[in-house]
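Shown next, in structure tokens, is the structure this report addresses.
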Amino acid sequence: MIMAFFFLLGGCLASFSLWLAQTYVNGTSYFRARSHCPQCGKALCAYDMIPVFSYLALKGKCRHCQKPIPLLYLATEVLCGLFATAIYSSFGLHAQTFLLLALLFLLFTVSLVDYYITILPDCMLLPAFLVFPPLFIACGLITTSEALTGFLVALGSSAGLRAAFYLLRKKEGLGMGDVKLFALAGALCGWQLLPLLFFLSASLALLVVAGLHVTGKVDSRALWRYRIPFGPFIAASTLGVILLRQIGAYALFLF
Ligand SMILES: [Zn+2]
């Protein structure tokens, strides 16, 4: 029962993330914007916004214009619901759980903005540096020295990688936003888990690019020039690493 509650809570966070990301991308006022159909622009009623269930009840179509609602909505709600359930299963009913749900919300929102316009917005990322690392330390999720070294090592290595790519290929491989997100992830995971974090982010991104290639969305000639937003993969890996550390399963990767 409580698992179902956390799944729904995650789904609600996802809906709110989607709304916030779209409001940011479209540049509308946060106070005026309401959730609306992306096709016909009609406002949604409260019972159309129940995560996952509304999508299934409406068979993925808008109540007003009958046009399909993007699958991204369902995928975001399910994924966020699963992450919220996993956080509850690993941490139980604890202050840490609610802190991680707040982090989940932030990471989903910046990932969605990155997906839409390949920008990780500073106005969301920079305040997170002031909020999350101190709260992680206060909740006992990480020590001050781990957070500080994690931040510095992540910032140094990702900035180094960015510079090296730029020198070799004469174009941007890793964006400045990705470097900042890596630095935040480093401050929350500690330097010891950074290799795992880099490995997971790169593997997830490669898997998705390979998937796009196999399904014919990108042809092989365009594959090397194809740019995917890297933010969502760093975000998913950060949550993954924090969960693995909690259940002690990261040892599986230390072969
Ligand atoms: Zn519509």
**Message:** Please verify whether Y30 is at pLDDT below 90, surrounded by fewer than 19 Cβ atoms within 10 Å (Cβ to Cβ), within 15 Å of the ligand (Cβ to nearest atom) and among the hydroxyl-bearing types (S, T, Y), treating the condition exactly as stated.
**Reply:** no
**Request:** Please give the number of the condition G140 fails out of (1) surrounded by 14 or more Cβ atoms within 10 Å (Cβ to Cβ); (2) at pLDDT below 95; (3) of a type outside the set (D, E).
**Result:** (1)
**Prompt:** Just to be sure, is T23 closer than 29 Å to R227 by Cα, assigned to a loop (DSSP other than H, G, I, E, B) and outside the structural domain of I247 (by TED's automatic domain parsing)?
**Reply:** no
**Request:** Identify, by number, the condition in (1) part of a helix (DSSP H, G or I); (2) under 19 Å from A205 (Cα atoms); (3) of a type outside the set (V, I, T) that L174 doesn't meet.
**Result:** (1)
**Prompt:** Within region 52-103, can you find the residues that are within 16 Å of the ligand (Cβ to nearest atom), of a type in the set (G, A, S) and assigned to a helix (DSSP H, G or I)?
**Reply:** S54, A57
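Per-residue answers, yes or no, for (1) basic (K, R); (2) exposed (fewer than 14 other Cβ atoms within 10 Å of the Cβ); (3) at pLDDT 95 or above:
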residue: F151; (1), (2), (3): no, no, yes
residue: Y166; (1), (2), (3): no, yes, no
residue: V209; (1), (2), (3): no, no, no
residue: G216; (1), (2), (3): no, yes, no
residue: W224; (1), (2), (3): no, yes, no
residue: A236; (1), (2), (3): no, no, yes
residue: I247; (1), (2), (3): no, yes, no
residue: F255; (1), (2), (3): no, yes, no
**Complete:** If you go through C37, C45, the only one that is surrounded by 14 or more Cβ atoms within 10 Å (Cβ to Cβ), at pLDDT below 85 and not assigned by TED's automatic domain parsing to the domain that holds G240 is C37
**Request:** Those residues that are within 16 Å of the ligand (Cβ to nearest atom) and assigned to a loop (DSSP other than H, G, I, E, B), I need them from region 41-51; list them, please.
**Result:** G41, K42, L44, C45, M49
**Request:** Kindly indicate whether F198 is closer than 16 Å to L244 by Cβ, part of a helix (DSSP H, G or I) and among the aromatic types (F, W, Y).
**Result:** yes
**Message:** Residues to consider are A205, A185; find the one that is surrounded by 13 or more Cβ atoms within 10 Å (Cβ to Cβ), modelled with pLDDT of 95 or more and closer than 26 Å to L72 by Cα.
**Reply:** A185
**Request:** Among what's in region 81-132 and is over 18 Å from G177 (Cβ atoms) and touching a Cys at 6+ places or on another chain (Cβ under 6 Å), pick the residue that is surrounded by the fewest Cβ atoms within 10 Å (Cβ to Cβ).
**Result:** A95
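The values are calculated or read from the model by the stated rules, or taken from the named source; none is laboratory data. Everything numeric here is computed off the predicted structure, so don't read it as measured data. Note: ideal-geometry Cβ built from the backbone for every residue, glycine included; neighbour counts use all protein chains shown.
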